[in-house]
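Right, one structure below, let's go through it.
The values are calculated or read from the model by the stated rules, or taken from the named source; none is laboratory data. Since the model is a prediction, treat every value here as computed from it, not as a measurement. Note: ideal-geometry Cβ built from the backbone for every residue, glycine included; neighbour counts use all protein chains shown.
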């Protein structure tokens with residue numbers, strides 16, 4: 001009896017023969033999983049082992065009978081129909097095929113992990129061809145550029161209309177980042193809501209809708225008191241240090257409090273800068289005297305070695321009225337150890353030596369360097385991701401001008417601004433390294449901020465009749481400051497102190513002013529000096545570190 005094999009191909013060729021299947025004899029993925037492949041094959045669609053059509057496994061015996069039926073052999077139950085046609089086979093033999101023609105299966109997803117079946121992302125699929133082999137995978141959708149405001153999650157992050165972070169700055173373009181590609185701004189990774197608004201670059205750095213706007217001041221209504229903790233924050237904000245970049249602020253002496261001998265008696269320093277109802281060595285105010293006003297915001301920070309509103313010039317007695325604020329301390333070791341002979345440096349313009357980066361640990365084996373009436377404001381800051389430097393306005397005044405300018409005795413009061421940053425380490429070949437001793441309060445040739453700046457032309461606010469260095473331009477801003485008393489003294493005018501930083505790092509700035517030297521009653525607590533701090537701002541890129549005239 002002739003036998004016909006009817007192959008069922010797809011739904012279009014469905015037939016009764018396909019509705020019946022071979023006996024299931026086990027699970028599999030390939031034919032070899034089914035044992036004797038002359039009898040069994042693997043139905044790869046159902047992953048089941050089945051008997052081949054035309055094979056009777058019961059006929060297999062130890063005598064070697066294969067049980068394979070010849071084509072012309074009549075199988076049990078088969079017979080010739082009256083019309084002469086053969087019965088159709090009851091099974092379809094898929095042996096040797098990879099798949100059932102017309103079948104489909106899901107392909108492995110090749111997109112980023114965690115994005116499959118999120119938003120529009122999905123795996124592709126493939127179709128089994130008529131020859132029993134699989135076709136190519138198609139239809140896979142991977143994350144794509146998010147189209148804003150269409151209600152679809154094309155980038156497959158689980159959020160609709162949020163957008164991707166193309167520039168890697170942590171902000172998505174649909175909801176937060178106003179510049180996410182180079183076509184929108186020069187450095188998109190530096191522009192986002194977490195950036196600082198850099199003045200004058202024509203870019204909306206902080207994505208608030210306005211370019212180059214002045215950062216809102218944070219010193220409205222701030223106050224100071226005997227409480228140095230709260231006063232430190234008020235002073236920092238008045239100087240222009242604002243959250244979120246301002247991490248902390250402290251107010252204290254320049255170092256460890258020490259004892260000293262005054263009129264033959266030992267006296268231990270107070271632990272903090274002097275402040276009571278009559279004498280204050282620090283304050284915040286919108287004006288200094290009758291003329292000089294703050295640079296920005298509502299106030300400026302004022303630190304003084306004596307009463308800030310009435311500096312003194314009486315070196316005969318050690319009293320509060322005479323400027324003795326009853327404090328004495330060491331100075332920052334990382335600064336003094338880099339100065340020759342462990343003393344405050346003399347200005348090169350007055351015959352002092354230029355700063356020497358080879359000087360290290362100069363205080364080893366020497367007595368502590370002690371200063372009088374010191375006050376230091378320390379601020380810790382987080383550098384914005386788009387900032388490479390900073391600047392702050394400083395204004396130094398001293399009763400010592402003009403008497404002790406270039407004095408051979410080291411009477412000069414000092415102002416230091418120490419920067420702790422990793423800039424020099426990160427940028428070892430920079431043409432603009434920060435000072436090796438960390439002090440930014442000195443000019444281009446190393447003159448420290450003090451009255452010895454006069455020969456360098458940086459002491460501007462003073463009486464021309466007292467000026468043998470031709471640096472004074474006007475004394476008007478001295479009015480009402482107390483530095484217009486005792487025959488007239490002087491100030492620098494507004495200076496700019498600046499330094500370099502690394503984007504994203506944490507830095508520390510220490511601003512200190514102090515007196516040094518000796519007088520008749522002992523260590524010098526008279527002839528006061530004052531420093532004003534205001535208008536701190538971050539800058540883009542490197543700058544020339546140090547202190548110079550306000551442009």
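With the structure loaded, tell me whether residue 204 is in contact (Cβ under 8 Å) with a residue 24 or more places away in the chain, part of a loop (DSSP other than H, G, I, E, B) and either in the same structural domain as residue 308 (by TED's automatic domain parsing) or out of contact with any strand residue (DSSP E or B) (no Cβ under 9 Å at 6 or more places or on another chain) (or both) or whether it fails that test. Break it down stepwise before answering.
Details: in contact (Cβ under 8 Å) with a residue 24 or more places away in the chain: yes; part of a loop (DSSP other than H, G, I, E, B): yes; either in the same structural domain as residue 308 (by TED's automatic domain parsing) or out of contact with any strand residue (DSSP E or B) (no Cβ under 9 Å at 6 or more places or on another chain) (or both): yes.
Against the criterion (in contact (Cβ under 8 Å) with a residue 24 or more places away in the chain, part of a loop (DSSP other than H, G, I, E, B) and either in the same structural domain as residue 308 (by TED's automatic domain parsing) or out of contact with any strand residue (DSSP E or B) (no Cβ under 9 Å at 6 or more places or on another chain) (or both)), residue 204 qualifies.
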>> Condition first: surrounded by fewer than 24 Cβ atoms within 10 Å (Cβ to Cβ) and outside any strand (DSSP E or B). Now tell me which residues in region 489-522 satisfy that.
In response: 493, 494, 502, 503, 504, 505, 516, 517, 520, 521
> Could you say whether any residue in region 82-105 is within 60 Å of the chain's Cα centre (by Cα), under 30 Å from residue 155 (Cα atoms) and modelled with pLDDT of 85 or more?
Replying inline: yes
> Yes or no: residue 373 buried (at least 16 other Cβ atoms within 10 Å of the Cβ), touching a helix residue (DSSP H, G or I) at 6+ places or on another chain (Cβ under 8 Å) and under 23 Å from residue 531 (Cβ atoms)?
Replying inline: no
>> Quick check on my filter: what residues within region 322-338 are in a loop (DSSP other than H, G, I, E, B) and touching a strand residue (DSSP E or B) at 6+ places or on another chain (Cβ under 9 Å)?
In response: 323, 324, 325, 326, 327, 331, 332, 338
> Can residue 512 be described as modelled with pLDDT under 95 and either out of contact with any helix residue (DSSP H, G or I) (no Cβ under 7 Å at 6 or more places or on another chain) or closer than 16 Å to residue 451 by Cα (or both)?
Replying inline: no
> For region 449-456, does any single residue satisfy the condition of being surrounded by fewer than 17 Cβ atoms within 10 Å (Cβ to Cβ), in contact with a strand residue (DSSP E or B) (Cβ under 8 Å, 6 or more places away or on another chain) and closer than 16 Å to residue 345 by Cα?
Replying inline: no
> Which residues, counting only those in region 529-551, are assigned to a loop (DSSP other than H, G, I, E, B) and touching a strand residue (DSSP E or B) at 6+ places or on another chain (Cβ under 6 Å)?
Replying inline: 542, 543, 545, 550
>> Quick test for you: out of 155, 169, pick the one residue that is crowded, with 17+ Cβ neighbours inside 10 Å and in contact (Cβ under 8 Å) with a residue 40 or more places away in the chain.
In response: 169
>> Going through 165, 169, 180 one at a time, which residue ends up being within 17 Å of residue 383 (Cβ to Cβ), assigned to a loop (DSSP other than H, G, I, E, B) and outside the structural domain of residue 245 (by TED's automatic domain parsing)?
In response: 169
